[in-house]
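Everything below concerns the one structure shown next.
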Amino acid sequence: MIENITYQDMMGISKELEASAKIIDDIMSAKNITELSDFISTVEGYSKYLATTVELYQEADISLQDLTNKKK
């Protein structure tokens, strides 16, 4: 859990952002609009950041659990 958000919820948010960026990109390409390319890149980057953050937190949880179990 990160703050009050579960890992599953955070991954869901990441996937929704990724899907939204794809939809915007498809519309942008179809209408030949290039002004949103930086915005789309930012949304995609943030989606990846969230997914990576969840992975790091999960690995940290496992490491802490291993340390706790060894200490017992």
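Every condition in (1) open to solvent by less than 80 Å² (accessible area, probe 1.4 Å); (2) polar (S, T, N, Q); (3) under 22 Å from GLU16 (Cβ atoms) holds for THR42 except the one numbered (1). Across the stretch 16-38, the qualifying residues are those that are among the charged types (D, E, K, R) and open to solvent by 90 Å² or more (accessible area, probe 1.4 Å), and the one among them that is farthest from the chain's Cα centre (by Cα) is LYS31. With respect to ILE13, determine if the residue is open to solvent by 100 Å² or more (accessible area, probe 1.4 Å) and of a type outside the set (Asp, Glu). Judged against the criteria, ILE13 is not a match. Selection over the stretch 22-47 of residues that are in contact (Cβ under 8 Å) with a residue 12 or more places away in the chain, of a type in the set (A, V, I, L, M, F, W, C) and under 23 Å from GLY12 (Cα atoms) gives a count of 4. GLU55 meets all of the listed conditions (1) touching a helix residue (DSSP H, G or I) at 6+ places or on another chain (Cβ under 8 Å); (2) in a helix (DSSP H, G or I) but one, namely (1).
The values are calculated or read from the model by the stated rules, or taken from the named source; none is laboratory data. Note that the structure is a prediction, hence the values are computed from the model and not measured. Cβ sites come from the backbone with ideal geometry, for glycine too, and all protein chains shown count toward neighbours. SASA here: full protein model, heavy atoms, side chains in, ligands and nucleic acids out. Shrake-Rupley method; radii C 1.70, N 1.55, O 1.52, S 1.80 Å.
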